[in-house]
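One structure is given below, encoded as structure tokens.
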Protein chains: 2
Amino acid sequence: MTAARPTGDDLVEMLAALANPLRLRIVARLAHGRDYVSHLAREIGISRPLLHMHLQRLEAAGLITGTLELSEDGKAMKYYEVTDFDLHLTASAVAEAARTLDGPESDPGPTRKERH
Amino acid sequence: MTAARPTGDDLVEMLAALANPLRLRIVARLAHGRDYVSHLAREIGISRPLLHMHLQRLEAAGLITGTLELSEDGKAMKYYEVTDFDLHLTASAVAEAARTLDGPESDPGPTRKERH
DNA sequence: TTCATGTGTAAGAAAGTTCTGACACGTGAA
DNA sequence: TTCACGTGTCAGAACTTTCTTACACATGAA
């Protein structure tokens, strides 16, 4: 399990990344096996720039990772695959995560540094 | 556990509801005990209309429930509390949920009815 | 009546997200 | 050289979300 206890802000980023039907589908596709951008775009039926944007969002959240590889015929291919994330969401888990949110604190939790 | 296997679209709604620092804080607060709108707004430090909006979003997603009650001095008070939701998010769980998404299907999953 | 408390909603500004279409660059094969 | 395939990025339109301000109503107490 990659991130058992992400920061509150990191959790928000992960949730925001998954809170979209298209991105849910992308993760679902990659869960069945790695794929490269152009092919994935054709499979899902969306434009490549659009897919590129969604992949960025998912990768930034740490849910997928991309690696640039060279195919046999010399083409640069960007392959994406899912990370083995594991998020367990309950009311108390949310309460715990909220302690590490940036901004006006109302709960005496451990203070964190600013986002990079 | 309230919704072990929500529809893909319901899952998106739940995730979208949680994917916001303010709403995460609201759920965290309510996880420690029920509260009414005006008081909660003062506690968190936001305006009442704004809180109202966020509560609507959380309730629509099924994460909290509100009940209108009469206080001892006859005032109408809207109390909110968390439901005992339990979401387990992994790549394969997402793959499973994506099968019940509305729209252009690319996976031969069980078809669902339109959103009410 | 007036004040402090509670409820809700509506209009509009500001900011963020989503999506299209066009552009740039690279390779190998015809 | 031209074509088919891969990569990436940018600008702007369209839409959604977030937030403020102002309004409406109700109650009990002063």
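Per residue Cα convex hull volume for segment B:8-98, in cubic angstrom?
95 Å³
Give me the inter-chain shielding for A:26-38: mean count of other chain Cβ atoms within 10 Å, whole number please.
3
Obtain the nm distance between the two label points defined at residue A:39 and residue A:102 by a simple spin-label model: each point lies 7 Å from its Cα along the Cα-to-C-beta direction.
Spacing of the two 7 Å Cα→Cβ label points: 3.7 nm.
Which value in nm describes the separation of the simple spin-label points at residue A:22 and residue B:32, placed 7 Å from the Cα toward the beta carbon?
Those two pseudo-labels are separated by 4.0 nm.
Calculate I(q)/I(0) for the protein assembly as shown by the Debye formula, one identical point scatterer on each C-alpha and no solvent, and give its log10 at q = 0.07 Å⁻¹ to two decimals.
Treating every Cα as an identical point scatterer, log10 I(q)/I(0) equals -0.27.
Please report the buried accessible area for the interface of A with B, total over both chains, probe 1.4 Å, in Å² to the nearest 100.
2800 Å²
So which GluC sites (Glu not before Pro) in segment A:6-102 end up in coil per DSSP with only 10 or fewer other C-beta atoms within 10 Å?
Taking segment A:6-102 and a limit of 10 other Cβ atoms within 10 Å, the loop GluC sites (Glu not before Pro) found are A:72.
If you add up the charges near residue A:41, with Lys and Arg at +1 and Asp and Glu at -1, over every other residue whose beta carbon is less than 13 angstrom from its beta carbon, what do you get?
Net local charge, residue A:41 excluded: +3.
First obtain the Kirkwood hydrodynamic radius of segment A:13-63 from its Cα pairs, then insert it into the Stokes-Einstein equation at 25 °C and 0.890 mPa s, and state the resulting D in µm² per second as a whole number.
Rounded to a whole number, D works out at 227 µm²/s.
Between copies, how close do the residue A:53 label points come, placed 7 Å along Cα→Cβ, listed in nm from shortest?
With the label placed 7 Å along Cα→Cβ, residue A:53 yields 2.2 nm.
Can you check what the Kirkwood hydrodynamic radius comes to for segment B:57-107, Cα pairs only, in Å to one decimal?
14.3 Å
Please give the calculated 222 nm ellipticity per residue for chain A, where each DSSP H segment of at least 4 residues contributes -39500 (n - 2.57) and the sum is spread over every residue; nearest 500 deg cm²/dmol?
Theoretical 222 nm ellipticity from helices: -13000 deg cm²/dmol.
Given B:83, A:54, A:82, which one lies farthest toward the positive end of the charge dipole of the protein assembly as shown, if we put +1 on the Cβ of every Lys and Arg and -1 on the Cβ of every Asp and Glu?
It is A:54.
Provide an ascending nm list, one decimal, of label-point separations from residue B:88 to the equivalent residue in each further copy; define each label point as 7 Å from Cα along Cα→Cβ.
Going from nearest to farthest copy, the values are 0.9 nm.
The values are calculated or read from the model by the stated rules, or taken from the named source; none is laboratory data. Predicted model only: the values in this text are computed from it and were never measured. We place every Cβ from the backbone using ideal geometry, glycine too, and count neighbours over all the protein chains shown. Each accessible area value is taken on the protein alone, full model and side chains, heavy atoms only, with ligands, DNA and RNA left out. Shrake-Rupley method; radii C 1.70, N 1.55, O 1.52, S 1.80 Å.
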